[in-house]
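Working notes for the structure below.
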Amino acid sequence: MPNPCRSSRIVVLTGAGVSAESGLATFRGASGLWENVRPKDLATPEAFAKRPLKVLAFYTARRRALLASAVAPNAAHIALAAFERRFRGEFLLVTQNVDDLHERAGSQKLRHMHGELLRTRCANCGHEFASTADISTADSCPACGRVGRLRPAVVWFGEMPLFMDEISAVLGRCDLFIAIGTSGQVYPAAGFVEIARRVGARTVEINIEKTTASSLFQESVRSPASNAVPIFLERIECDLLRLNG
Ligand code: BJW
């Protein structure tokens, strides 16, 4: 059996669109989480300092939605995890999503650059732990004991995204970059396609709509992720099998 894909290095970036067909809302656009609010009123450290109840309520609603029994990985999450298991080259799945649907599908080489909704962090001492519980302003930190400083372990505007050194290194040597279900409006993730282009990688966008970043990609697939991702990944495997076989 020839070794498929042995010479390839693939980085996949996912955004809220990959989880939309699992029943989780995206941020922007009609019916998005931010349809009637300003992002800076909910997703900044300043908003949490000024209106912690409002910010915590926003994340409580989203945590409960994520934990609802109807929410499960869709065919795109599942195809990515299956591809990673078979792939013999370098693979990194970078997600901007704070949900755990990639993990539930079985993805392993996964980095949550904007943190995780099912983790809680103390804004006072930095202690972080896994939790599915609602966060209240009356809660105290299990490490430092401070009351009212627990927050979701997510990355807000003005904060540094996670794993940037590792992501930059892998992007800087990839030969295929695929962005799935992201509007390309939030940096630094929105700049990944340009890094990939600079190193000569093939760049592909999978999205139901044209985005502000579409012109930066060599190829665009306009189709829902649950349909496009399994087909696209299967084609890559066939191409690589032909090349390497
Ligand atoms: C489907 C689909 C289906 C739907 N199938 N597709 C450079 C220039 C300008 C500004 C900046 C800059 N650098 C930094 C900034 C500031 C800022 C920023 O980017 N601002 C912009 C708004 C202009 N960035 C930051 O502050 C970041 N920090 C930072 O940069 O630190 C300094 C630094 C410097 C240098 C290097 C490294 C660091 C932090 C950003 C944190 C973002 N946090 C959030 C909230 C996380 C917590 C939470 O979940 O509440 O992350 S904001 C929100 O947007 C969330 C998302 O991860 C992120 C991206 O959204 P995403 O995933 O693209 O969702 P949508 O809704 O926008 O799009 C969904 C897409 O899916 C659409 O296109 C649909 O069409 C599509 N779709 N159904 C396929 N079925």
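Computed from the coordinates by the stated procedures, all read-outs in this text should not be read as laboratory data. Predicted model only: the values in this text are computed from it and were never measured. FYI the Cβ positions are ideal-geometry reconstructions off the backbone, even for glycines, and counts take in every protein chain you see.
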| Of the residues 29, 181, 89, which exhibits the maximal mean-square fluctuation in a Gaussian network model of the chain defined by a 10 Å Cα contact cut-off? | 29
| With springs only between Cα atoms under 10 Å, which of 157, 129, 48 fluctuates most in a Gaussian network model of the chain? | 129
| task | Have a look at 135, 78, 231 and tell me which one the Gaussian network model of the chain (Cα, springs below 10 Å) gives the largest fluctuation. | result | 231
| remark: Taking max minus min of the Cα coordinates of the chain on each principal axis, largest first, gives extents in Å of 61, 37, 36
| Spin-label model distance (nm) - residue 159 vs residue 173, 7 Å beyond Cα toward Cβ | 3.1 nm
| field | Local electrostatic count, residue 198, Cβ distance below 15 Å [Lys/Arg +1, Asp/Glu -1] | value | +2
| said: So if each residue of separation counts as 0.36 nm, and I subtract the Cα-Cα distance between residue 65 and residue 38, what length gain in nm does that give? | reply: 7.6 nm
